[in-house]
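The values are calculated or read from the model by the stated rules, or taken from the named source; none is laboratory data. Keep in mind the model is a prediction, meaning the values are calculated, not measured. What goes into the accessible areas is simple: the full protein's heavy atoms, side chains included, and nothing from ligands, DNA or RNA. Shrake-Rupley method; radii C 1.70, N 1.55, O 1.52, S 1.80 Å.
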Amino acid sequence: MNAPLRDDDSTITLFKTIQQTFRGALSRPQTQDDLVTIDRRSFLKMSAVAGGGLTLANGLMSDVTLAADGEGVDGQFILNAFVHISPDGQITLYSHTPEMGQGVKTAIPMILAEELGASWDDVQIVQAPVNEAVYGEQRAGGSRSLNRNWQPMREMGAMARTMLIAAASKQWQVSASECKTVDSEVIHQPTGRRLPFKAVVHEASLQSVPAKNDLTFKEKEDYTLIGSSITGVDNTAIVTGEPLFGADVKLPNMLYATYIKCPAVYGKVKSANLAEIKKLPGVVDAFVLEGNGDVNQLLDGVAIVAKTTWQAYQARAALKVEWDERNASKDSWTGMKAEAKKIAAGKPQQQRANTGDVDGQFADANNTVVENFYTFPYVAHACMEPMNCTADFRAGKNGQPASLEVWAPTQAPVRIYTMAEQVLGLHNDQVTVHQTRMGGGFGRRGRTDFSSEAASISKRVGAPVHLMWKREDDVQHDFYRAGGFYQFKGAVDKKGKLVALHNHIIGPGIDGRSPVGIYQNPKEFPALCIDNYRGSMSLIDTKTPCGAWRAPGSNVLGWALQSFLAEMSHAAKRDHVEFLLEIMGEPRWFDSTNIRSLNTGRAAGVIKLAAEKSGWGKQLTPGRGMGLAFHFSHAVHVAEVAEVSVDVDVNGKKIVTVHNITAAVDTGPVINRSGAVAQVEGSIVDGLSTLNSLAITMENGRVEQSNFHDYRGMRIAKTPPVDVHFIESDYAPTGLGEPALPPLAGAVCNAIFNACGERITEMPLHNVGFTI
C-alpha cells in the first residue's frame, strides 16, 4: 500500500468487512465483554467472498474466540488478513510491523512463506492497515520485531499449510500425513501427485482451522527460504523512486506547512510578524499554535501554510519571532562537563547495585587498581528522511463527529491515537492512521511531535496538510542520545584476574528522572560475572529532550566498559581475549526464561570466533594494532575486532586508518542472510561515524549544530571492509538493527591504544586530536 489508502482498495475493503463484523472486538479498550464467538465456517466463507480466497486467523492476541460449528477450539484468536490466497494462485502476505530499513517487511513474511511452503516468486507483500486489535503489536524498536513475531508467524504459516493439505488429501482420498507443501503446491509424497494452491484454495476455505497445539513445524534442515538471501521487497521501488515514504504522500487539495519552535526548548511565542508573512507569495495562512507543554506532542510555535513546501520555506526565512524564554532550557554542555567532574570527585547520588566487598578489594595492597573517566556527547538521529507527516482533519458536520486521517513514517502508529485524544480530543474511532515506510528511524520516530504538529495545523486551516521539517529542525529539535560520563574503578589480583569493579554513570536528569540510555542495570555485564561489583548513578538537572538512539544505553556502555576492561587487562599484563573469557567463566545462562539475559557460553563463543576470524595475536607492523570488544544487548551476543594504523600528518593530526572490522554474532537462526549482514554492516558503519565526528553541544539551551556541515557524518570513502560471521544457535531469532553497534567503538579505541599507546577516553575522536 504505497499510495494513500482509499475505500476502493481491495485490501481495505476486506479489512473493513472483517472490522464491521467484529466491531465489538475491535473497539478500544478491549474487555471480556467484547469477546466475540463466530462460527468458523461462516467466517471463512465471509472472508473468501470478501477477498476471493482464503484468509486465516492469527494467534497473536486473545480477544476473539474462533469456534468450529459453534464448538470451542484450543487457543484464542483475533481475526485478520495475514495470509490470503486468491483463486488464481496469488499469495498475499501482510506485513504489520513498521519498516524503517531494518528489513522486517521482508524477513517476517519469509517466516510465513517458509511454513506455508510457498514459492517466494508467487508471493506479494502488502503493508497491513494499522489496527493493533487485529494485527497485534505494530511497533518497531528495541530489535524486538523478529523475536516477537517468530512463533506467531510460524503458527500462521503452519495453519495455512495444514488447511491446504487437508483440502488436497480429501480430493485425493489419502492421509494428510502423506502430503507436504513445496513451491506453492501440495505434493502427495508416495505417488508424486501435485496440486497447486489455487486448485485447492476453495476447499481449503471450508476446512476446520487447526488448533494451535496440533500444528507441526518444519525442521531446520528442511528450510528453503529461512537462512537464504532475499532482496528487500521494496528495493526496486526505492531505487526507481516509487512513493513509499512519508515525504511522498500527496492528497487532493493538500497544503504544505513548516513549523517554527523556539531554539531553546520550552520557549513560547511572544510576538511574530504574521501580517507580513501572510502577504508573501503562495502563503495561505500563518499563525501561532499554543502547545500543551508536552515535548513529545505539541510545543508552542509558529505555523506557516503555503501552496508548496518551497513557498513555506521562503516565507519562513522572512519570519521574525520574539520568544519568551523565561521557562526555556538554559542547558550548557560545558557546564555539564564541569559539574560531572565535581560529582565524580564526591559520593554518587544513587547506588543501584552492590555485591561483595568492593572497597576491600580496592584497599588490598596485593591488587592493582585502575581508574579512569570517560566522556560521551549528545548525538542526534540524523535520519536521511527528515520528520514529516500528512494529516487531514475534518470538522464534524450535520451531527457527524470530527475525524482525523494521518499518513506518518512512524515506529509506533498506535501512539498517534493517544496523541489525537490528548491534543485534539478525538476518540480512537474518529482516527485513521496509515503507516508509511521510514527513511531511517533509530528510535526517533517513536515520538509523535511531528504528527501532532501536522494534525493541529490541519485542524486550524481545515484542509489536508503535509508538514515537512527542515534538516535544521531535525538536528535542533531532536530527542537526542543523552550525553554523559562514566567513572570506572577496578581491581585485578596478582594473577591478573578481575576481582572488583565500580561503575558510576553521571548523566542528565529530566524532572529528576534519568532519560533513556542513562541507567544502571544490576544485571548488566559484568555485574553477575564477578563477586565484587558496585553500580552507581548521579544526575545533573537538564531540559534538553532525550530519547532512544540506536541501541540505547548500550551504544555508550559498550564503548566505555570495553575500553576500561582493556585498560585492566593491559594493567594485568594479560591477553585481552583471555581476560574476557576468564570473566565469562563457565557457560551459564543467568535467567533461562529471559532471552535478554546474558548467556556466558554464547558470549564466549562470539569472542572466540571473532578472535579466530580476525587472526588475533598475529604479528603486526609498528603503528598498527588490533582491538577487541564484546557487548550483549537486545538479546544478541556480539564481538568485534578492529585492525587499525595510526599516522601523524604534517599538522600533527593523528590519522586513524581502519583497515577492517571482523564481527561475530550469535542471533539464533538467521532469517534473511542478506538483510542480517546489511544490518550488522550498517550498525558498524553508523558506530564508526559516530565515534569519529558526531557530537551535539548546547549553550544557553540552544543546540549549536544545525546541518550536515557541522554535524558531519563519516563519508563512504572511509568505510572499511566488514567481515561478518554468524553463530546460528538453537534459540529463537532476534533482531539485528542495534546490537552490532555497541562493540564497535570499544574495538576501534582498543586498537588505537595498541597501535600508538594512547587511550581514548572521550568521544568523538575529533575532540581528542584523532580522525578517521
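Structure summary
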item: Accessible surface of the stretch 630-755 [probe 1.4 Å, protein heavy atoms]: carbon and sulfur percent; result: 51
item: Convex hull volume of the stretch 658-730 per residue (C-alpha atoms, cubic angstrom); result: 121
item: Ellipsoid equivalent to the stretch 402-461 - semi-axes via the Cα gyration tensor, in Å; result: 19, 11, 10
item: Whole-Hz ³J(HN,Hα) from phi, Karplus 6.51 cos²θ - 1.76 cosθ + 1.60, for the stretch 100-105, glycine and proline x; result: 10, x, 7, x, 6, 5
item: Amide H within-cut-off set for His434, under 5 Å, with H built and near neighbours excluded; result: Val406, Trp407, Ala408
item: Phe590, Phe450, ranked by accessible area, largest first (probe 1.4 Å); result: Phe590, Phe450
item: For the stretch 105-155, the Rg and Dmax computed from alpha carbons only, in angstrom; result: 11.5, 32
item: Distribution of pairwise C-alpha distances over the stretch 491-567, 10 Å bins, in %; result: 17, 46, 27, 9, 1
item: The stretch 500-648 - Rg over Rh from alpha carbon coordinates, Kirkwood radius; result: 1.00
item: Estimated D of the chain in µm² per second, where Rh is the Kirkwood radius over Cα pairs and Stokes-Einstein applies at 10 °C, 1.306 mPa s; result: 56
item: Set of lysines near Lys105 by C-alpha distance (under 27 Å), chain-local residues within fewer than 8 positions excluded; result: Lys16, Lys180, Lys198, Lys212, Lys218, Lys220, Lys250
item: Shape call, the stretch 212-356: gyration tensor on alpha carbons, a/c limit 1.5; result: oblate
item: Whole-number Å³ per residue for the convex hull built on Cα positions in the stretch 463-522; result: 165
item: Cut-off under 5 Å, modelled amide H: who pairs with Leu255 long-range; result: Val465, His466
item: Accessible area expressed per residue, the stretch 180-327, with surrounding protein chains retained (probe 1.4 Å, Å²); result: 52
item: Bins of 5 Å, starting at 0 and running to the largest distance - Cα pair percent for the stretch 613-652; result: 6, 17, 22, 17, 13, 12, 8, 4, 2, 0
item: 5 angstrom amide H check on Tyr480, placed H, neighbours 5+ away; result: Cys546, Gly547
item: Percent accessible area from carbon and sulfur atoms, the stretch 392-550, protein chains only, probe 1.4 Å; result: 44
item: Alpha-carbon centroid distance for the pair the stretch 586-615 / the stretch 122-136, whole angstrom; result: 35
item: Percent breakdown of C-alpha pair distances by 5 Å bin, ordered from the shortest bin, for the stretch 216-271; result: 4, 11, 11, 9, 8, 10, 11, 9, 8, 6, 6, 4, 1, 1
item: For the stretch 611-742: Kirkwood Rh in Å [reciprocal of mean 1/r, alpha carbons]; result: 16.6
item: Cα point-scatterer Debye curve for the stretch 349-446, base-10 log of I(q)/I(0) at q = 0.11, 0.15, 0.22 Å⁻¹; result: -0.59, -0.75, -1.14
item: For the stretch 164-241: Kirkwood Rh in Å [reciprocal of mean 1/r, alpha carbons]; result: 14.8
item: Rg ratio (alpha-carbon, reference 2.2 N^0.38 Å) - the stretch 568-628; result: 1.35
item: Carbon plus sulfur fraction of accessible area for the stretch 336-385, probe 1.4 Å, in percent; result: 46
item: Per-residue HN-Hα couplings for the stretch 470-487 [Karplus 6.51, -1.76, 1.60; θ = phi - 60°; Hz; x = Gly/Pro]; result: 7, 4, 4, 4, 4, 6, 9, 10, 8, 9, 6, 5, 5, x, x, 8, 10, 10
item: Hits among lysines - C-alpha to C-alpha of Lys268 under 19 Å, sequence gap 8 or more where chains match; result: Lys320, Lys330, Lys543
item: Share of Cα-Cα pairs in the stretch 120-210 lying beyond 14 Å, as whole percent; result: 71
item: Solvent-accessible surface (1.4 angstrom probe) belonging to Glu699, in square angstrom, nearest 10; result: 60
item: Per-selection metrics, the stretch 358-507 (Cα): Rg and Dmax in Å; result: 24.7, 85
item: Accessible area per residue, Å², the stretch 330-484 with all protein chains present, probe 1.4 Å; result: 38
item: MRE, 222 nm, helices only [DSSP H, n ≥ 4, -39500 (n - 2.57), over the chain, to nearest 500]; result: -9000 deg cm²/dmol
item: Whole-Hz couplings from phi, Karplus 6.51/-1.76/1.60, listed for the stretch 406-422; x for Gly and Pro; result: 10, 10, 9, x, 10, 7, 9, x, 5, 5, 5, 4, 5, 4, 4, 6, 7
item: Longest to shortest principal axis, alpha-carbon extents of the stretch 719-772, angstrom; result: 44, 20, 18
item: Length released on extending from Ser271 to Lys653, taking residue separation times 0.36 nm less the Cα-Cα span; result: 132.8 nm
